[in-house]
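Since the structure comes first, as structure tokens, the remarks are kept for the end.
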Amino acid sequence: MANGVWIVLQQREGQLPRISFEALAAGQKLAAELGSKAEAVLLGEGVGLAAAEVAKFDLAAVHVADDAGLRVYTPGAYIGALAPAIKAAAPAFVVFPHTYQTVDYMARLAETLGAGLLPEVTGFESSGGGLVWTRPVMGGKLQSKVRVKGEGTVLVSVQSGAFPADGAARGEAAVKPLAVDLSGIEPDREILGYEEVGGDTVDLSKAEIIVSVGRGVGGADKMASVEALAKALGAEIGASRPVIDNGWLPRDRQIGSSGQTVAPKLYIAAGISGAIQHLVGMKGSSVIVAINKDPGAPIFTVADYGIVGDLHEVLPALTEAVQAAKG
């Protein structure tokens, strides 16, 4: 009978991205729901400092597979390391961050294990004696509710922004070596290197404050108040799809199901109606402030604070208030 929760964290060159801590928060919440304590798993070579960082969270243990064959990610090596360990421990769930990397190998790992696969979940709740999971379908246009059938281990990936990283509980965990044998694993990929996004491309997922605008801004020539508030707050500027489609801001500023998924500490949505395609990209934000002339705009249903008014009047007032608060 499967039991417990494992969390497989993603790292590169010893650095843990925010989504790994989001997966940590999700795994802790899931373990608490099952009446247990989660365990983390870290793969790599020379990842002692990253393991020590993870050990500062409330976990039963941090299992570290330290091997030269795991220095860079390849699907064969990761599956070769994880499959035997998961079979031996038989956790009920193994939680992963939903990234390009995990999408690359999770299905193969599930097939190797004969495990269930539940990708890109955004939440879960107890219902009828079991868990009901929420995940996007049709490019985020709809949200589906699903149950897992059968028994055994289930692999789950969590969507970026769905479980805030700040929700991960601190504590103290023991770091334990995870024995791996990769001698029989044939290299199935040669990693030539990594390239960061170039040019003026912006990674909004790293921003702590975002001022985002929608169609209500009125045009590319009416962005001054948005830019002024963003400057005052030290924020990045984001946008809903209509702004991008109209060419008012570049494509890398788009937030939503067909853009970036973000979870900043503060998200200001100005002139954004709140279509589901946009909401799935930002609803994990810690604090959401919505500004819209329409009091019935869907964006207000997810907002912590709502301001009914013209953004071109509200934003300058907010900018003045921020500047005054800074002295």
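Quick note: the coordinates plus some simple rules give every number you see, no bench work behind them. Because the structure is a prediction, the values reported are computed rather than measured. Here the Cβ positions follow ideal geometry from the backbone for every residue, glycine too, while neighbour counts run over all protein chains shown.
The value of relative contact order for the chain, using C-alpha pairs under 8 Å at least six residues apart, is 16 percent.
Students often get this wrong, so try it: which of (1) 21.4, 66; (2) 18.5, 58; (3) 20.4, 62 is Rg and Dmax of the Cα atoms in Å as calculated from the structure shown? Among (1) 21.4, 66; (2) 18.5, 58; (3) 20.4, 62, the one calculated here is (1). Annotation: amide H-H contacts under 5 Å for LYS176 (H modelled 1.01 Å from N, sequence separation of 5 or more, or interchain): VAL62, HIS63, VAL64.
Here the convex hull built on the C-alpha positions of region 204-251 has a volume of 66 cubic angstrom per residue.
Here's the picture: a label point sits 7 Å out from the Cα of ALA68 along the beta-carbon direction, and within region 39-55 the residues with their amide nitrogen under 18 Å of it are 44-48. Distance between the pseudo-spin-label points of LEU34 and GLU111 (7 Å out from Cα toward the beta carbon): 2.5 nm. Mind jotting down the distance between the C-alpha centroids of region 12-34 and region 167-196, whole Å? Centre-to-centre distance over Cα atoms comes out at 14 Å. How much FRET efficiency would the formula 1/(1 + (r/R0)^6) give for ALA317 and GLU186, where r is the Cβ-Cβ distance and R0 is 51 Å, rounded to 0.05? Computed FRET efficiency for ALA317 and GLU186: 0.20.
The DSSP beta bridges internal to the chain are antiparallel in roughly 20% of cases. Multiplying the residue separation of ASP58 and SER258 by 0.36 nm and subtracting their alpha-carbon distance yields 68.6 nm. Each Lys or Arg adds one and each Asp or Glu subtracts one; over the other residues with Cβ under 15 Å from the Cβ of LYS222, this totals -2. For SER273, the residues whose amide H sits under 5 Å from its own are ARG215, ignoring neighbours fewer than 5 places away on the same chain, with H placed 1.01 Å from N.
Close amide H partners of ILE7, meaning residues 5 or more places away or on another chain with modelled amide H under 5 Å apart, are GLU39, ALA40, VAL41, VAL95.
Across region 38-153, Cα-Cα pairs more than 19 Å apart make up 56 percent of the total.
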